[in-house]
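The values are calculated or read from the model by the stated rules, or taken from the named source; none is laboratory data. Fair warning: this is a prediction, and the values are worked out from it, not measured in the lab. For neighbour counting, all protein chains shown are included, and Cβ atoms are generated from backbone atoms with ideal geometry for every residue, glycine included.
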Amino acid sequence: MATGQELYISPLVTRNASERMSRLFGAEHRIATWRRLWIALAEAQRELGLPITAKQIAALKRAAGKIDFAKAARYEAELRHDVMAHLHAFGDEAPSARGILHLGATSCYVVDNADLIIMREALELIAQWLAGCIDRLAKFAKQHRALPVLGFTHYQPAQLTTVGKRAALWCYDFVRDLEEIETRIERLRFRGVKGATGTQASFLELFDGSHAKVKRLEKAVAKAMGFAHIEPVTGQTYSRKVDAQVVAALAGVAQSVHKYANDMRLLCNLKEIEEPFEKSQVGSSAMPYKRNPMRMERATGLARWVLSIATSPQMTAAEQWFERTLDDSSNKRLAVPEAFLATDGMLKLVHNVSGGMVVYPKVIQARVMSELPFIASENIMMAATKAGADRQEAHERIRRHSQSAGEQVKKHGKPNDLIDRLEKDDAFAGVDFAKVLNPKAYTGRSAEQVDEFITAFVTPIRKRYAKSRALESKLNV
């Protein structure tokens, strides 16, 4: 039997996702959650008068942590049913309570409710990652709120912005994502105690036709598992639209990560901003001088994976027949955990990078100054007009000088000499070029927008997540 490197192990776990997220989707946590659900059901049934003793409940609680996966695997090989396998294994650990386990329930009582519990826990962790990334990007934006930088539209030089304003754009995307994740958490409902086709017929039978007791049973179990709201109607499963909506929210995070990562990769090429690069890190096996943006490249790849698999839960939701078909199970076991693990992994990368971005102001300034003469041309024209020049004549002269300067840059690789040309032209003798060429005069309200954005959007998030557990974004590899 293979015991080591022979078997495929998902790199989402070994290379990318945090241990906390990996444990949430691990078998131990899943089966432990099943057992909590079985115990909660038995306790509620006992409180409502079914013949279940306190000793049986105590026996189940003592056995809850004793999960024998090898025994469960032997049962499953025989029964071909994972829930029944673990039900038998649990009963073996608490034989006195074997007969009262799973009364009136269908497999989806434990499977679906556990999936909802785990998804809620995973969404809460994603929310913490997002809050941490938002905080770090906001700090960076605040620090560089007024540092002029060349803006790009169509990846062509455009009007100036600031480094901080650009970071605020990244940050705001993640704010939107956090709002969506929080909405998904708030709207996630417990599947409840519904029976084989969602009619609760088996529980109605157990309680001799008492609708009131069935309703009390469901509310008691939901409360025990931490849910205030329950799905009002279900088939055998909760609607698979829930999975589709949750994974769509993760895909929204992937969009933001992809955009931020791509921008960072471009900035690394421009040598304006780089991701952290460790002392002994190797950028290339062949080119020792390279400083490849490997963190953001990995984040891009993970984001692309989430975007690609986000369609799978949508198709699963569309494919369900009547009260339930089983084609959802094998797909769901892959799509939902992997979407969470990959999202967790890419946010860990964003958290790591956003807390250590390296800015090169001199490179940024040099690029600004190389394009500023063109950007400032309208202001130069206005200054010349105020000094007595004819506006139309000034416009034509700037046009001719700009074309000549552009030709020197593009054809001959020489510096932009537009200002030198204009300074030598008598039409612009009255222009204060030092004042006109101050980059901060062209960034508009960028710095103020950063301040206002942080106050209105980031500060409330910092308050909401002030008590969140500390996140460790140290990379596995």
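Does the range 52-62 hold any residues that are part of a loop (DSSP other than H, G, I, E, B) and in contact (Cβ under 8 Å) with a residue 24 or more places away in the chain, and which are they?
Within the range 52-62, just Ile52 meets the criteria.
Any idea which of (1) charged (D, E, K, R); (2) more than 23 Å from Leu160 (Cα to Cα); (3) in contact with a His (Cβ under 6 Å, 6 or more places away or on another chain) is the one Asp425 doesn't satisfy?
Asp425 satisfies every listed condition except (3).
For the subset of the range 196-217 comprising residues that are of a type outside the set (A, V, I, L, M, F, W, C) and not in a loop (DSSP other than H, G, I, E, B), which member is farthest from Glu121 (Cα to Cα)?
Among those residues, the one meeting the criterion is Glu205.
Can you name every one of the helices (runs of 4 or more DSSP H) wholly within the range 358-477 that holds 2 or more residues which are of a type in the set (Val, Ile, Thr)?
Of the helices (runs of 4 or more DSSP H) lying wholly inside the range 358-477, those with at least 2 residues that are of a type in the set (Val, Ile, Thr) span 361-375, 377-386, 391-412, 459-464.
If I go through the range 63-77 residue by residue, how many of them are buried (at least 17 other Cβ atoms within 10 Å of the Cβ) and in a helix (DSSP H, G or I)?
Result for the range 63-77: 4.
One line per residue, one yes/no per condition, for (1) of a type in the set (A, V, I, L, M, F, W, C); (2) under 35 Å from the mean Cα position of the chain (by Cα); (3) within 24 Å of Glu218 (Cβ to Cβ); (4) at pLDDT below 95:
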{"site": "Gln5", "(1), (2), (3), (4)": "no, yes, no, yes"}
{"site": "Arg36", "(1), (2), (3), (4)": "no, yes, yes, no"}
{"site": "Ala77", "(1), (2), (3), (4)": "yes, no, no, no"}
{"site": "Val110", "(1), (2), (3), (4)": "yes, yes, yes, no"}
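Take the range 374-402 and flag every residue that is among the aliphatic types (A, V, I, L, M) and closer than 23 Å to Gly151 by Cβ.
Result: Ile375, Ala376, Ile380, Met381, Met382, Ala383, Ile398.
Which residues, taken from the range 88-112, are in contact with a Leu (Cβ under 8 Å, 6 or more places away or on another chain) and without any contact (Cβ under 8 Å) to a residue 24 or more places away in the chain?
His88, Gly91
So, in the range 330-357, exactly how many residues are polar (S, T, N, Q) and either in a loop (DSSP other than H, G, I, E, B) or in contact (Cβ under 8 Å) with a residue 24 or more places away in the chain (or both)?
3
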